[in-house]
Amino acid sequence: MLWMLAACSPPPLHQQQAYVFGTLVEVSIYGAPEPQARQAAAAVLARFDELHRTLHAWQPSDLSRLNTALAQGERASVPPELAAMLRDAQTLSIQSNDLFNPAIGGLIALWGFHSDAPQARVPDATAITGWVNKRPRMADLVIEDDTVTSANPAVQLDLGGYAKGHALDDAVAILKTHAIDNALVNIGGNVIALGAHGERPWRVGIQHPRQPGTLATLDLRDGEAIGTSGDYQRYFEADGRRYSHLIDPRTGFPATGMQSLTVLVAGEQAGTRSDALSKPLFIDGAAQLANHASRLGVAHYLAVDGASQIHVSPAMKARLR
């Protein structure tokens with residue numbers, strides 16, 4: 001998880017927090033009048049709550065209703081915004097060779113991660129193999145205007161690896177409509193920067209996956225986003241082994257080759273891409289990390305592999321403190 005390195009909040013800094021997407025979120029606004037900053041931050045948090053209710057994978061939501069229809073082989077109408085997100089997630093999934101795969105919600109549920117607390121039990125191997133053999137993929141979805149179908153009833157959508165990044169991009173758009181020029185938005189370690197913190201850039205720390213404190217700090221420039229995937233937040237232990245929610249679609253088991261992986265992304269959809277693209281790099285492990293990152297267009301990454309070895313791209317090394 002990333003956290004803002006600020007011991008206190010000076011007068012020009014307005015901060016509001018909430019608990020959304022199963023994690024702590026924080027909106028920090030610099031240099032705006034208090035009423036303006038409060039109204040803008042409240043609008044961002046309201047949007048987060050709306051997305052959370054729309055995209056929840058196991059409580060009643062537009063997404064869960066779509067999953068019910070897909071499991072029954074039925075055609076479903078969805079809100080235009082959800083249809084657009086599914087198209088976007090499809091594109092990202094194809095780019096990652098299906099390692100970023102929001103269609104494996106059934107597997108995630110089987111492992112007990114569709115609950116507020118993990119079940120702490122390894123599923124039956126036959127059940128895992130059954131889901132893997134069904135090969136649910138985002139490419140199985142047929143999206144026509146606002147109608148969604150799938151010939152594969154095993155497709156069960158979980159946008160947990162996409163929603164926070166999408167929310168970051170929405171937050172920037174909302175802040176700009178409220179004439180906010182300088183802000184930092186943090187959703188449980190997924191962070192995006194707008195402008196600067198006064199005379200200096202926004203500074204964040206990259207959490208060590210096994211120890212208190214940070215691996216390094218990083219100055220975020222305007223429009224840059226950080227996304228981290230790690231095995232240290234949603235996980236359980238059984239027979240001395242750690243099982244995280246980051247599941248490899250190829251095996252049906254949680255990925256074990258990484259402890260954490262952070263990417264830095266700039267440009268269009270920086271929030272969405274930083275969230276989604278950290279997942280395939282985490283799942284695929286360290287062996288082909290540089291090649292895989294290059295293919296996905298990720299020049300900046302910092303990873304800690306399963307053996308606690310640190311891997312830093314040259315571009316990221318130049319940015320870290």
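Taken together, the values in this text are just the output of simple stated rules run on the coordinates, not laboratory data. Model, not experiment: these values are computed from the prediction. Quick reminder, even Gly has a Cβ in these numbers, built from the backbone with ideal geometry, and neighbours come from all protein chains shown.
Using a 10 angstrom Cβ neighbour count of at most 14 plus a DSSP loop assignment to flag exposed GluC sites (Glu not before Pro), which longest range of the chain is free of such sites? With a cap of 14 other Cβ atoms within 10 Å, the longest stretch comes to 75-198.
List residues of segment 188-211, by number, whose backbone nitrogen lies under 11 Å from a label position 7 Å along Cα→C-beta of Asp181. Within reach of a label on Asp181, which here means backbone N under 11 Å from a point 7 Å along Cα→Cβ, segment 188-211 contributes 195-196, 198. Across segment 111-120, rounded Karplus estimates of 3J(HN,Hα) from the backbone phi angles (6.51 cos²θ - 1.76 cosθ + 1.60, θ = phi - 60°) give 7, x, 8, 9, 7, 5, 10, x, 7, 6 Hz, Gly and Pro being marked x. If the chain linking Ala84 and Gln15 were pulled fully straight, counting 0.36 nm for each residue of separation and taking away their Cα-Cα distance, it would gain 21.7 nm. Put simply, the amide H of Met258, placed in the peptide plane, has neighbours under 5 Å in Gly306, leaving out anything fewer than 5 places away on its chain. The calculated FRET efficiency for the pair Glu50 and Asp146, based on their C-beta separation and a Förster distance of 22 Å, comes to about 0.75. Counting alpha carbon pairs within less than 8 Å and at least 6 residues apart, what relative contact order, in whole percent, applies to segment 91-205? This gives 21 percent for segment 91-205.
Taking amide H as placed 1.01 Å from N in the peptide plane, His300 has its amide H under 5 Å from the amide H of Leu264, each at least 5 places away in sequence or on another chain.
Dipole check for the chain: with +1 at the C-beta of Lys and Arg, -1 at the C-beta of Asp and Glu, and the Cα centre as origin, the magnitude is about 700 Debye.
The Cα-based radius of gyration and maximum Cα-Cα distance (Dmax) for the chain are 19.3, 59 Å. With a Förster radius of 22 Å applied to the beta-carbon distance between Ala125 and Ala287, the computed FRET efficiency rounds to 0.30. Model label sites at Ala307 and Thr251, defined 7 Å from Cα along the beta-carbon direction, differ in position by 1.6 nm.
The calculated 222 nm mean residue ellipticity attributable to helices in the chain amounts to -10000 deg cm²/dmol, summing -39500 (n - 2.57) over DSSP H runs of n ≥ 4 and dividing by all residues.
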